[in-house]
Structure formats: structure tokens, C-alpha cells
Amino acid sequence: MIKYSLKIVLIFCLFGMHSCEIIDSTTTNVNLSPITSVEHVEQKVSALLKQMTLEEKIGQMNQYNGFWDLTGPAPSSGNAAKKYDHLRKGYVGSMLNLRGVENVRKIQKIAVEETRLGIPLIIGFDVIHGYETLSPIPLAESASWDLEAIKKSAEVAAEEAAAAGINWTFAPMVDISRDARWGRVMEGAGEDPYLGSKIAFARVQGFQGSDLSKHTTLAACAKHFAAYGFPESGREYNTVDVGTSTLNNIVFPPFQATIDAGVRTFMNAFNELNGIPATGNTNLQRTILKDKWKFDGFVVSDWGSIEEMVTHGHAKDGKHAAQIAANAGSDMDMESYLYVNELAALVREGKVKEAYIDDAAKRILRVKFELGLFDDPYKYCDEQREKEVIGQPAFHEAALDMAKKSIVLLKNENQLLPLKKQGQKIALIGALASDKTSPLGSWRIAAKDNTAVSVLEGMQAYTGNQLTYAKGADVSLGQTKFIDELKINTTDRSEFPQAIAVAKTADVVVMVLGEVGYQSGEARSRTDLGLPGVQQDLLEAIYKVNKNIVLVLNNGRPLVLNWHQEHLPAIVEAWQLGTQSGNAIAKVLYGDYNPSGKLPMSFPRAVGQVPIYYNYKNTGRPLMPTPSTVFWSHYQDVENTPLYPFGYGLSYTTFEYSALQAKVVSDYEVNVSVTLKNTGKFTGKEVVQLYIKDHYASVTRPVRELKGFELVSLEANESKKIEFTLSEKELGFYDNEGNFIVEPGDFSIFVGGDSNTTLQSKITL
Ligand code: BGC
């Protein structure tokens with residue numbers, strides 16, 4: 001009890017509003033002047049650091065996964081006991097995967113009341129697209145191109161997670177990727193650095209809000225630094241070898257955007273980059289991130305990535321790995337146990353400078369102060385708030401809104417969509433149509449299985465039609481174990497006949513096909529981008545008896561859809577849309593929401609084209625110059641272009657672009673205007689996209705680069721003039737020394753509804 005009171009006094013004096021002098025037998029005397037809040041964080045951090053032993057500073061750099069059954073007694077032996085002992089000694093700075101107010105409070109209490117200095121823990125969690133109420137997967141959200149909605153989605157996620165005791169999210173993932181084989185494309189914003197940067201900025205703003213110390217906000221984490229999205233052959237964790245130009249112009253910009261948004265943490269990556277693991281990469285973490293970009297938050301390793309440097313063949317053993325990582329600027333060790341076990345000795349042996357330890361501890365403490373954890377370590381631990389906030393109706397409304405905005409209409413022949421609301425016989429087919437878990441995606445740690453609204457449920461809300469459901473084929477929905485789920489699709493065709501019978505007599509067949517939730521995400525690379533299992537066979541069997549098929553896709557990555565584009569009248573890309581999935585899909589199918597999403601990644605015609613992206617380089621031999629030319633950059637068996645390009649997506653209405661004008665108004669400033677008209681019958685939204693082509697430069701430029709977009713809503717027949725201003729920021733690029741430069745020359749400006757647009761104007765700078 002005496003010790004307890006002493007800790008409280010100590011914390012109050014150090015971090016509260018009043019100056020005081022305290023004497024604690026276990027600490028040195030502290031005399032601090034009055035401290036307000038934000039402006040004096042640095043003073044507070046330095047004052048605290050002065051009191052810390054080397055081991056305590058290293059303790060701040062140690063992060064453990066949730067480690068014992070919180071409702072039972074503390075463990076007395078084994079690894080968990082060791083972690084528990086470390087916690088009580090102040091050798092743990094952060095925990096991850098701890099959630100729920102009761103659990104967080106229990107652990108926080110040990111850190112605050114039982115350790116010598118009572119420094120609170122920062123509690124991290126993968127709040128990727130929601131906590132318990134899930135929004136669409138990030139790739140899907142990105143298809144909305146709606147920055148306000150994306151920001152709102154992150155805000156909601158933060159508020160809900162913060163009510164469960166969490167104060168730090170390992171999001172946003174801002175890795176650009178051009179490779180649909182890589183399962184983690186579902187967690188990013190797609191292939192483009194400009195769109196990716198805008199979305200990265202919006203997400204950080206949403207998570208962190210304007211005041212990090214509020215109990216409704218979380219510290220965000222830009223991950224994975226860097227180039228994790230470029231694994232060779234799309235195989236998870238594989239080698240990354242990326243040149244300077246791509247690094248500077250494609251990989252880095254979204255990370256820089258998170259810094260502009262004030263992101264407080266970064267996560268490094270599992271991959272090696274050009275021979276050096278990201279976790280041990282001094283150039284990335286110290287030179288670029290901390291020195292050049294002036295990032296003053298902290299860098300957490302990825303899970304066990306410090307130790308993995310041994311397996312990479314970069315470190316001799318664990319101790320060596322800890323040395324490399326600490327020297328390279330990895331501030332916090334997630335689950336390698338190496339900082340806590342090896343760093344103190346490394347400092348004493350002179351292999352790691354104590355200044356690096358101080359710097360890392362300072363960075364971590366700074367964020368804890370900013371979160372307000374020193375003012376009130378239990379500020380995220382309010383049982384009442386937890387009960388009231390989690391799962392509240394407003395969050396479901398926001399999830400529904402985001403889900404509707406994320407859907408992309410890929411094809412709609414003869415206006416099959418929207419469906420008529422009365423007098424129709426609708427056949428709904430596919431195991432995914434009744435699946436209430438897959439729409440939650442693979443990042444659903446805090447969401448309960450079976451909590452998404454299925455397409456079947458969403459469509460049942462429309463009672464004017466006769467709806468009949470048939471599964472057709474199993475998609476192996478045993479969702480509780482990863483391994484079970486990976487037995488995706490059996491070869492069982494026994495339920496085909498029933499589905500065929502239902503389809504035969506229907507006016508319209510809605511087929512929901514694609515991937516189950518765990519088929520994309522971490523460690524879920526694929527070499528085949530078709531519909532898994534027997535789903536394609538089922539689709540073709542149904543097509544034989546009824547061609548009026550609306551294909552609704554549920555998937556976490558671009559798929560190859562040639563047969564579908566050729567044969568089916570309507571295709572809807574509905575990704576994995578989260579908790580409100582089925583409601584959103586039904587509203588779009590029935591026209592209560594007019595789809596406006598645009599693809600954030602190119603959809604290939606064949607896996608062999610991958611990596612495929614719209615902002616490719618022209619090469620020296622781009623087009624067949626004469627009919628007899630044999631040698632030019634192409635495939636013999638498939639066109640170079642993707643099936644659906646980046647930025648593509650239809651609406652129930654149609655839009656017309658005209659009167660494009662581009663005018664150089666000063667040295668490096670260009671004004672662009674275009675008129676957009678809604679030429680169809682429905683009110684609708686269009687993402688007006690502006691691309692530039694820099695015709696020649698000291699470092700070759702892509703054939704097109706997105707440099708502006710605006711989401712415009714127009715009623716039928718309405719027109720609007722849309723204006724953009726291009727400045728140095730949009731017209732320039734990074735050279736191979738990493739300098740941002742703008743060069744005079746000829747540019748084409750393209751404006752339209754996707755990256756293939758032909759409407760263009762030329763300017764000379
Ligand atoms: C992932 C990270 C994630 C971490 C903690 C790793 O496997 O790569 O993105 O934040 O686990 O769950």
C-alpha cells in the first residue's frame with residue numbers, strides 16, 4: 001500500500017500540473033518546474049529519462065504479445081512467467097494483442113503500480129479496417145476514392161478500439177503493390193503512389209484525429225517500411241530488389257504522406273531490401289526516415305523481424321541481430337525478445353551506443369506522453385464507455401456507407417442492373433452468398449465470426465421479388481482454423497444440379513463467387529488468380545441454362561476475369577465489405593445506391609502479365625512500328641493491357657467529358673479545367689481523374705501518372721466545370737540521388753473516368 005501511494009505521488013509529480021520534490025528511496029531526487037502539456041513533452045521526456053536505468057530504457061523498447069490467461073493467476077514458470085517478471089521490473093514498454101478494458105487495466109496496473117517508475121504501457125493492436133464493427137478491407141475502401149469517407153472509417157475504428165483499452169493501431173499499411181498474387185494487397189491502397197498518399201494521409205488523420213490525447217483516438221503506424229509490397233514473384237516475405245527510382249517515386253511517397261499527417265509510429269518490414277533486411281537497414285530508418293524526413297516518433301519492428309535477420313543470413317545470431325537492429329534505428333522489438341535479453345550487454349561492450357538507446361526510449365516515451373498516458377494511464381479503460389461505444393448503431397451506419405462506396409461496377413450490359421424490385425424470380429447462388437464471416441476479411445481479430453450481413457440477408461430485405469437460394473458448391477467455410485480454411489473449395493459438384501434447377505426458372509441469377517476471408521491477407525499468396533476450386537465450373541454450368549447472370553465478386557485482390565467479361569452481362573466487384581456487406585451489395589443491386597467505385601489496382605488478363613500497372617514506362621519499343629516488325633515489347637499470347645485498368649468503374653448513369661483546357665499560368669503552375677456532364681438517367685458520382693505524361697526527362701517518366709482527382713456528384717443532365725491546379729509537386733519527380741526536381745519540357749494532360757482516357761491537352765513548361 002505504501003509503495004502504491006508512492007508510485008502515484010511520483011507519477012503525479014513528474015507528469016501532473018504541479019511542481020514538487022519527491023524523495024523515493026529507489027530513485028534519485030527530482031525537481032521539476034510546472035508543466036503544462038503539449039509544449040513541454042520534451043522536458044517531461046528528458047526528466048524521466050534521467051531517472052531511468054539502462055535496463056529500464058531498454059524495457060521501453062521491448063514489446064510483448066498478450067501473455068497469460070488474464071483471468072487466472074500469474075504464471076509461475078515458462079516463457080509467460082519470464083514475461084510477467086519482466087513486466088514487473090519495468091522491462092516491457094508495450095503490449096500487443098491485449099484487448100478489452102478489464103484485461104488492459106489489469107496489465108496496465110502492474111506497469112503503473114508495481115514497476116519502479118510506473119511508466120504506463122502503450123497498447124498496440126491491428127485495428128486495420130475496424131475493431132469489432134468492420135468496414136470494408138482497405139483495398140476496397142480505396143476503391144471509393146472518397147477521402148472523407150475513408151477518414152471517417154478510420155475515426156470510427158479508432159473510437160471503437162480505444163473504448164476497448166487500445167491506444168495504438170498497426171495501421172495504415174501504405175505499401176504500394178503491383179502484384180495481385182501477393183495476398184496482402186487487400187490491406188493497402190493499391191498500385192498508385194498518388195492515390196496511395198492521399199489515402200494514407202486520410203487514414204492517419206482519421207486514426208489520430210486532431211488531438212492524440214483524446215480517449216477516442218489512436219496513435220497510427222505507417223507500415224511496412226519499406227517496399228514490402230514488392231516481393232519477387234508475389235510470394236509473401238520474398239526477396240525485394242527495387243531500384244532507386246521506384247523507391248523514391250513509388251514506394252516512399254505514401255510513407256512521406258503519413259509523416260505530413262503527423263503519424264506517430266512506423267513499422268519496419270519482414271523483407272530484405274536490396275540485400276539488407278528492412279529491420280536492420282540504417283539507410284531506411286536513420287538516414288531517410290529520421291534524419292531526412294525528420295520523423296520524431298518511433299519505429300517498431302515487425303513480428304519477430306529482428307530475429308529473422310539471422311535466417312535472412314544478415315546476422316550471426318540473435319545478439320548480433322539485436323545489435324544491427326538497434327544501430328539501424330529499430331526502436332522497439334516486437335516479439336523477438338532480443339532487445340530485452342541482449343541490448344544491455346551490447347551497450348556495455350560498446351557495440352551499441354547508449355545514445356541510441358536514449359533516443360529510442362525518448363521516442364517511445366514521447367508518444368506515450370502525447371497519448372496522455374502519463375496524465376491518466378487508464379484513460380482508455382472505462383468499462384461503461386466500452387459497453388456503450390462498441391458496436392453502436394452509428395458505427396454500423398458508417399460501415400454501411402463505406403461499403404456502398406467501395407463497390408465497383410465492372411460491367412452492366414443492357415442495363416441488367418439495377419434489378420427490378422417487383423415481380424422477379426431471382427436465383428441467388430454461391431456459398432459466399434450466405435457466408436457471414438468471409439466479408440469480414442482476414443484482419444478480424446476482435447470481430448466475432450458470423451457477424452457480417454450476408455448477401456442473402458441483404459437481398460431478403462427486398463420483399464417484392466421471389467428469392468431462391470442455392471449454394472451450388474462448397475467453398476469450405478470452416479472459418480475457425482486457418483488450416484481448415486485453406487482447404488478452399490472441394491471438388492464436390494453434388495449440389496450443382498439443385499443450383500441449376502433454381503437458375504433455370506429464374507429471371508435473373510445473382511452469383512456470389514470469389515475468395516473466402518482468409519484467402520487473401522498475410523502469407524496468402526496465390527499463383528492462380530481465377531475463381532478458386534469448382535466455382536468457375538459452377539458458373540459455366542449455370543450459364544448454360546440461364547445467361548442472365550449478375551456476378552458479384554467477393555475477393556481481396558484483383559482476379560483474372562476474361563471469361564466473365566466476355567460472357568456475363570453484369571459484374572459487380574464487391575470485395576470483402578465488412579460487417580454491413582450484404583446490405584451494401586443489395587442496395588447497389590437494387591439501385592438504392594448508384595455505384596461509384598473505381599479500381600485502385602489493374603485487373604490482369606493473365607497471371608503472366610503480373611506485375612501489371614498503369615504507370616509503366618514506355619520502353620524503347622512500345623508499339624509495333626510496322627506490320628512486319630517482329631521484335632517489340634509484347635506478349636505473343638495476350639495483349640499488353642490489363643482487362644480492367646486502374647481507375648476503371650461504371651455507374652448506372654453515364655458521364656461525358658468535354659472542353660478540356662490546360663494552361664501554363666506561371667513557371668511551374670498549370671491550370672486545368674474540364675466539363676463533366678451526367679448524360680444518363682440517374683443521379684450519380686464520378687471520380688474525375690487527371691493524369692500527366694512528361695514526354696522526356698533526365699530519368700524516364702511513366703506513360704501516365706495520376707496527379708489529381710475529384711469525386712463529383714451530378715444529377716441527370718447536370719453539368720459542372722471541374723478545375724485542377726498542377727504545381728511543382730505534381731509536375732516534378734525524384735531523381736536517382738533522391739532529389740526532387742522539376743524539368744521543363746512537353747507534357748500531356750489527360751482527364752477522364754479511368755487511366756485509359758484519351759481526352760488530352762498538351763502543354764510546354
Ligand atoms: C504483420 C504486421 C502486424 C503484426 C502484428 C505481422 O505479422 O506483418 O503488419 O501489425 O504482425 O500483428
Tell me which residues, restricted to region 546-588, are open to solvent by 30 Å² or more (accessible area, probe 1.4 Å) and part of a helix (DSSP H, G or I).
N562, W563, Q565, E566, H567, N583, K587
Quick check on this structure: which one of F295, F270, F266 is outside any helix (DSSP H, G or I), out of contact with any Asp or Glu (no Cβ under 6 Å at 6 or more places or on another chain) and under 19 Å from G124 (Cα atoms)?
F266
Criterion first (away from the ligand (no atom under 16 Å from the Cβ), of a type outside the set (F, W, Y), more than 20 Å from F603 (Cα to Cα) and open to solvent by less than 10 Å² (accessible area, probe 1.4 Å)) does A202 satisfy it?
yes
Does F207 count as modelled with pLDDT of 95 or more, within 16 Å of the ligand (Cβ to nearest atom) and within 30 Å of V742 (Cα to Cα)?
no
If you scan region 245-263, which residues turn out to be within 16 Å of the ligand (Cβ to nearest atom) and part of a helix (DSSP H, G or I)?
P254, F255, T258
In a strand (DSSP E or B), at pLDDT 95 or above, of a type in the set (D, E, K, R) and open to solvent by 70 Å² or more (accessible area, probe 1.4 Å) - does that describe any residue in region 726-736?
no
Of the conditions (1) open to solvent by 10 Å² or more (accessible area, probe 1.4 Å); (2) in contact with a helix residue (DSSP H, G or I) (Cβ under 9 Å, 6 or more places away or on another chain); (3) away from the ligand (no atom under 16 Å from the Cβ); (4) not acidic (D, E), the single one that G196 does not satisfy is (1)
Inside region 464-523, can you point out the residues that are at pLDDT below 90, surrounded by fewer than 19 Cβ atoms within 10 Å (Cβ to Cβ) and within 16 Å of the ligand (Cβ to nearest atom)?
F482
Within the group A157, A171, which residue is touching a Cys at 6+ places or on another chain (Cβ under 8 Å), within 16 Å of the ligand (Cβ to nearest atom) and modelled with pLDDT of 95 or more?
A171
Could you grab the pairs with beta carbons closer than 7 Å, sequence gap of 6+ or different chains, first residue in region 529-545 and open to solvent by less than 10 Å² (accessible area, probe 1.4 Å), second one assigned to a helix (DSSP H, G or I) and of a type outside the set (S, T, N, Q)?
L529/V607; L538/F496; L538/A499; I542/A499; I542/I500; I542/A503
Every listed condition ((1) closer than 22 Å to S94 by Cα; (2) touching a strand residue (DSSP E or B) at 6+ places or on another chain (Cβ under 9 Å); (3) part of a helix (DSSP H, G or I)) holds for D302 save (3)
Of T675, T700, the only residue that is in a strand (DSSP E or B), surrounded by fewer than 22 Cβ atoms within 10 Å (Cβ to Cβ) and β-branched (V, I, T) is T675
For region 157-176, does any single residue satisfy the condition of being buried (at least 24 other Cβ atoms within 10 Å of the Cβ) and under 25 Å from N594 (Cα atoms)?
no
Please go through region 264-281 and pick out each residue that is open to solvent by less than 30 Å² (accessible area, probe 1.4 Å) and either aliphatic (A, V, I, L, M) or within 12 Å of the ligand (Cβ to nearest atom) (or both).
T265, F266, M267, N268, A269, F270, N271, L273, A278, T279
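Determine whether region 121-138 contains at least one residue that is in a helix (DSSP H, G or I) and out of contact with any Cys (no Cβ under 8 Å at 6 or more places or on another chain).
Looking through region 121-138, at least one residue is in a helix (DSSP H, G or I) and out of contact with any Cys (no Cβ under 8 Å at 6 or more places or on another chain).
The values are calculated or read from the model by the stated rules, or taken from the named source; none is laboratory data. Because the structure is predicted, anything quoted here is derived from the model rather than measured. So basically every Cβ, Gly included, is an ideal-geometry build from the backbone, and we count neighbours across all protein chains shown. Surface accessibility is based on the protein's heavy atoms, side chains included, excluding ligands, DNA and RNA. Shrake-Rupley method; radii C 1.70, N 1.55, O 1.52, S 1.80 Å.
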